[in-house]
Amino acid sequence: MSVWDDLVGQEPTIETLSRAVRDEASMTHAWLFTGPPGSGRSNAARAFAAALQCPQGGCGQCRECRTALDGTHADVKVVATEGLSIGVKLARELVQVAALRPSVGAWRVIIVEDADRLTEQACNAVLKELEEPTPRTVWMLCAPSLEDVIITIRSRSRHVRLRTPPAAAVAELLQRRDGIDGPMALYAARAAQSHIGLARRLARDAKARNRRHDIISMATRITGVGEAILAADNLSKIAEEESGAASAERDAAEKAHLLETLGADPAARTQPVHIRSQLAALEKDQKARAKRYVRDVIDRSLIDLASIYRDALVLRLGADVELVNPDAIDKVRGLATLFSAEQLLGHLDAISEARERINANVPPLLALEAMALQLRVPRNLGI
């Protein structure tokens, strides 16, 4: 067992990081982990942090490894934002932490799991630290791609790119780590397009599998303007319902904890001014988190929807490539027969454009409606 066991299909990355652990001449003060969603960027950073703190270089069993992996090690600071951005206030706090000497470990490690969400001011604050690094402090920044991080930070960091792991490797991990049976693990790995976290959820949650089935079925059900508007509305409502279900209990617990910390009476009709201001700040953060969650769910739904057009294009071109949705082969074949390769590419472009618009703060429902109108199938040729 080692800290690298859950980094499936990332042998080059493991070799690079292991070499840095063994030989400090291969170390640097800042690392930039990039790769597609689900490739394991943050897992790689945590594993690297654990290996740096471990006396044995990453045994995976000692206290240093366990606490570094779960983010509770005294010298490992993990930032995993749930909001839309990471502001300058938090960035300055990280810079202050980075300036401290390690307290119990060999290194002080700062992991930013969503470095692409750093605001311009936050980037500037971090940049000053990277330009004049503190000895024995290591920054580990994670982002989808190099282009998502400003060039001045990229130029002062060592780049490590993770790749999409093979579906078979993800399935093996689900079997070994989570005890999921083989066929279900392989289905989930393919359906999640090797996104490890989503594959685990699909394998364990029947509702998630049913929801995904409904989403990919939209490709053959949008036969007119009315169906397009309804499909867009359904996608939006699914995301909002998921967000509400995921956040309601947590929001209430956070509010209760804040009131308890401040010594306030939760049953009181009104609170003192200083408590009201902190409650307002908490509610603002919770709303930002819910907004991001809605966007993330919609984005994942659009990736699922795109996968069936991708499969249809594979069949249409006769490419020797594994399908993402072999369980929906009838729908895939129907789309491949109904549309030309150029039309299927047009549908993929429409989905990609909707994702970009939502990411650019276009109201999700408007972006989804515009997309769905371009995905219509002829009514008399519905599959």
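Tabulated results
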| item | result |
| --- | --- |
| Test: residue in the range 85-96 that is under 26 Å from residue 5 (Cα atoms) and open to solvent by less than 30 Å² (accessible area, probe 1.4 Å) | no |
| Of the criteria (1) in contact with a strand residue (DSSP E or B) (Cβ under 8 Å, 6 or more places away or on another chain); (2) within 19 Å of residue 45 (Cα to Cα); (3) at pLDDT 90 or above, which one residue 122 fails | (2) |
| So residue 192, is it within 28 Å of the chain's Cα centre (by Cα), without any contact (Cβ under 8 Å) to a residue 60 or more places away in the chain and open to solvent by less than 30 Å² (accessible area, probe 1.4 Å) | no |
| Pair list, Cβ under 7 Å, 6 or more apart: the range 42-61 residue closer than 13 Å to residue 108 by Cα and open to solvent by 30 Å² or more (accessible area, probe 1.4 Å), other residue at pLDDT below 95 and part of a helix (DSSP H, G or I) | 46/68; 46/69 |
| Hits in the range 74-83 - residues which are crowded, with 16+ Cβ neighbours inside 10 Å and within 23 Å of the chain's Cα centre (by Cα) | 76, 77, 78, 79, 81, 83 |
| Which numbered condition residue 201 fails, given (1) touching a helix residue (DSSP H, G or I) at 6+ places or on another chain (Cβ under 7 Å); (2) open to solvent by 70 Å² or more (accessible area, probe 1.4 Å); (3) over 30 Å from residue 287 (Cβ atoms) | (3) |
| Search result, residues across the range 8-41 that are more than 15 Å from residue 59 (Cβ to Cβ), open to solvent by 10 Å² or more (accessible area, probe 1.4 Å), within 22 Å of the chain's Cα centre (by Cα) and of a type in the set (A, V, I, L, M) | 8 |
| Search result, residues across the range 275-307 that are of a type in the set (A, V, I, L, M) and either over 19 Å from residue 217 (Cβ atoms) or touching a strand residue (DSSP E or B) at 6+ places or on another chain (Cβ under 8 Å) (or both) | 275, 279, 280, 281, 282, 288, 290, 294 |
| Contacts under 6 angstrom Cβ, first residue in the range 316-340 being part of a helix (DSSP H, G or I), partner open to solvent by 60 Å² or more (accessible area, probe 1.4 Å) and among the charged types (D, E, K, R), 6 or more apart | 336/316 |
| Matching residues in the range 316-331 - criterion: being within 27 Å of the chain's Cα centre (by Cα) and either closer than 15 Å to residue 215 by Cβ or aromatic (Phe, Trp, Tyr) (or both) | 324, 325, 327, 328 |
| Residues of the range 162-215 satisfying the condition of being in a loop (DSSP other than H, G, I, E, B) and basic (Lys, Arg) | 163 |
| Residue list for the range 154-189, filter: in contact (Cβ under 8 Å) with a residue 40 or more places away in the chain, farther than 24 Å from residue 305 by Cα and not β-branched (Val, Ile, Thr) | 154, 156, 157, 158, 159, 161, 162, 172, 173, 177 |
| Scope the range 68-91; condition without any contact (Cβ under 8 Å) to a residue 12 or more places away in the chain and assigned to a helix (DSSP H, G or I); matching residues | 89 |
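The values are calculated or read from the model by the stated rules, or taken from the named source; none is laboratory data. Model, not experiment: these values are computed from the prediction. Glycine gets a Cβ as well: all are built from the backbone with ideal geometry, and neighbour counts include every protein chain shown. The protein model used for the area step is the full one, side chains on, heavy atoms only, and it has no ligands, DNA or RNA in it. Shrake-Rupley method; radii C 1.70, N 1.55, O 1.52, S 1.80 Å.
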